Structures are given as structure tokens and as C-alpha cells.
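To keep things clear, I will list the structure first and then write my remarks on it.
The values are calculated or read from the model by the stated rules, or taken from the named source; none is laboratory data. This structure is a prediction, so every number in the text was calculated from the model and none was measured. Here the Cβ positions follow ideal geometry from the backbone for every residue, glycine too, while neighbour counts run over all protein chains shown. We work out accessible area using only protein heavy atoms, side chains counted, and drop any ligands, DNA or RNA first. Shrake-Rupley method; radii C 1.70, N 1.55, O 1.52, S 1.80 Å.
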Amino acid sequence: MAIFKRPALKTTSRKKREMPQGLWQKCPGCADVVHEIELAQNLRVCPRCDYHFALSAQERIENLLDSGSFVEHDGELRSVDTLQFQGMASYEDRLRKYQDATGLIDAAVTGHGAIEGHRVAIAIMDFRFLAATMGSVVGERLTRTIEFGTANRCGVIIISASGGARMYEGMLSLMQMAKTSGALARHASERLPYISVLTNPTTAGVMASFASLGDVIIAEPRSMVGFAGPRVIKETTHQDLPEGFQTAEFLEEHGLIDSIVHRRRMRAQIAQFLTYFSAAA
Ligand SMILES: [Zn+2]
């Protein structure tokens, strides 16, 4: 009987116990074990297979922006539990848990700064915070970032990573899709650039709104990008999906993404686009 074939599971748990917590990471790309220090020295990219591990918003700021140039905006905005959401834990409890774990108030850090001397309005989503779902605070911070870019006539950069809209805020989450898109339309009508950077994973309501509206859309290698995840689509349609479906590479091949950019080249690449846009303006 299947139940008697359990020793294999025991082996796995013993291995886990032997691995000191937090010092080693198993790479989802090549299944190799990588030391934290090695990852930290390599922009959290696997030195064996180039798999891009998630970065926090703070790490992205350090990697992308000119040193000391970042000024945060709207850090005080906080979500309200409008729906009085009751699940396994209340929405307020969940928010508090993620705030304690990440040191963030919500899933996006926004502000302005400079990239190789180009002034930018920038928003960075942090997947560690409730899967970077977009509720009213994320939507409002993003919208204000875009509006700051428009008012100050500078480019807007949004680094996306998201599980989609935040169900705890219901309709208030969904309306953020229209709000951010509207702000981007006004930004575009002023002939100002918006560069959308997709990271692993960028999905659902975020992909269906501002993330797919960039004048230039670039993605980190092998990011999962799409509306619903491949597992959900497969379970709903009962169809086998094409090889590589919903990877950034697949979307680039089919014209939905302009360029796949390695994290090591991201800053230089964005700067190059900004130079191009400023020359064209
Ligand atoms: Zn790897």
C-alpha cells in the first residue's frame, strides 16, 4: 500500500534539519544549494544557472538608483479594513504580521530618485508583503508616483511583482487597476516615458493594468508573467499548455515584452532607455 512507502519523505525532512536555517538557499532553477553570502554578492542571482531570486524593495533601490538619491513618498499611507474581512485571520492581523516581518507598511515602496543622473519617479513592489497584492494603498502610492512624474516632467519606472489584486479589499482593489491606468494615460499624453519592469512573478490584476502599459516593457529572465498562473489555467481548461508558457521569454518571442534584461544590466539598460527618451522628447 502507498502509505507504507513513506521512508522517502523521512529522508527529505532529515536533510532539511541538517541545513542551517537561513544560511543556504535551494535554487529553484537548478536545485543546487547556494550560500547566502554568494547570493548577496551576486545581486541574488544563482551563480550556477542565473536564476533570479526575489529582491526586497530596499535591495532594488540600492541596485538601481544613484547612491543616496532616493526620497520616499507617501510612506505613511495605511490600508483600512473596509470590508471587515473575516477569514482564518482578520485583514488587520495579516497586515500587522507582514508589517512586522518585512518592516514595510504595505507592498510597494514609492518615491523619486535618479538613475545615472536621470531624474525618475519610481515604484517598487515587494513580493514578501502579502505576495505584493495591490490594495488601495499600493494603488494610491503608484498613482501618486505617476502623477509626481507627470507634474515634474520625468520618467516613471515601476518594478512589478505581484500575485494580483488584494481580495481582502474587494472592489477597492479592483478599482486601482483603472486608477493607475488612468494616471498613466495622462502621463503618456504629456509625452513622458514610462518603463515597466516585470519580475518574477507578475500576474493577474497588476499584469492586466499598469504592468503591461509601459512604453517599454522589460522583464528579468525566466519571470512568470501572465494573468492566471499556469496551474490554474491547466486545472480550469484541462488542456496541456505550450512549453515555456507564461515565461518572460515566451512573451518576448510573441511580442508582448520588448526585452529580457539580466539583473546585472538592469540599471544600465534603464538609463539607456531614459537617455533615448530624453533625446526624443
Ligand atoms: Zn541555480
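Structure notes:
- Breaking point among (1) open to solvent by 60 Å² or more (accessible area, probe 1.4 Å); (2) out of contact with any Leu (no Cβ under 7 Å at 6 or more places or on another chain); (3) modelled with pLDDT under 95, for T82: (2)
- Extreme residue, nearest to T202 (Cα to Cα), among residues of the range 48-71 that are within 12 Å of the ligand (Cβ to nearest atom) and open to solvent by 60 Å² or more (accessible area, probe 1.4 Å): D50
- Screening the range 178-281 for helices (runs of 4 or more DSSP H) wholly inside it with 2 or more residues that are open to solvent by less than 60 Å² (accessible area, probe 1.4 Å) and more than 29 Å from G117 (Cβ to Cβ) returns the ranges 204-207, 230-237, 248-253.
- For G29, the conditions (1) modelled with pLDDT of 95 or more; (2) within 16 Å of the ligand (Cβ to nearest atom); (3) small (G, A, S) are fulfilled apart from (1).
- Cross-chain or 6+ apart pairs with Cβ under 8 Å, the range 49-67 first and under 15 Å from I124 (Cβ atoms) and of a type in the set (D, E, K, R), then within 16 Å of the ligand (Cβ to nearest atom) and open to solvent by 20 Å² or more (accessible area, probe 1.4 Å): E59/R44
- Pairs meeting the criteria (first residue in the range 188-213 and more than 16 Å from G163 (Cα to Cα), second residue of a type outside the set (F, W, Y) and surrounded by fewer than 22 Cβ atoms within 10 Å (Cβ to Cβ), beta carbons under 6 Å, at least 6 apart or on different chains) are E190/T150; P193/D215; Y194/D215; I195/V216.
- Flag for V197 being within 22 Å of A57 (Cβ to Cβ), within 13 Å of the chain's Cα centre (by Cα) and not small (G, A, S): yes
- Residue in the range 100-117 that is over 18 Å from the mean Cα position of the chain (by Cα) and crowded, with 22+ Cβ neighbours inside 10 Å present: yes
- Of the residues making up the range 118-142, those that are part of a helix (DSSP H, G or I) and open to solvent by 10 Å² or more (accessible area, probe 1.4 Å) are L130, A131, S136, E140.
Let's see how each residue does on (1) farther than 25 Å from R186 by Cα; (2) touching a His at 6+ places or on another chain (Cβ under 7 Å):
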site	(1), (2)
I61	yes, no
R96	yes, no
G103	yes, no
I115	no, no
I124	no, no
F148	no, yes
A161	no, no
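- Extreme residue, nearest to T145 (Cα to Cα), among residues of the range 68-89 that are free of Cβ contacts under 8 Å to residues at least 12 places away in the same chain and out of contact with any Phe, Trp or Tyr (no Cβ under 9 Å at 6 or more places or on another chain): G68
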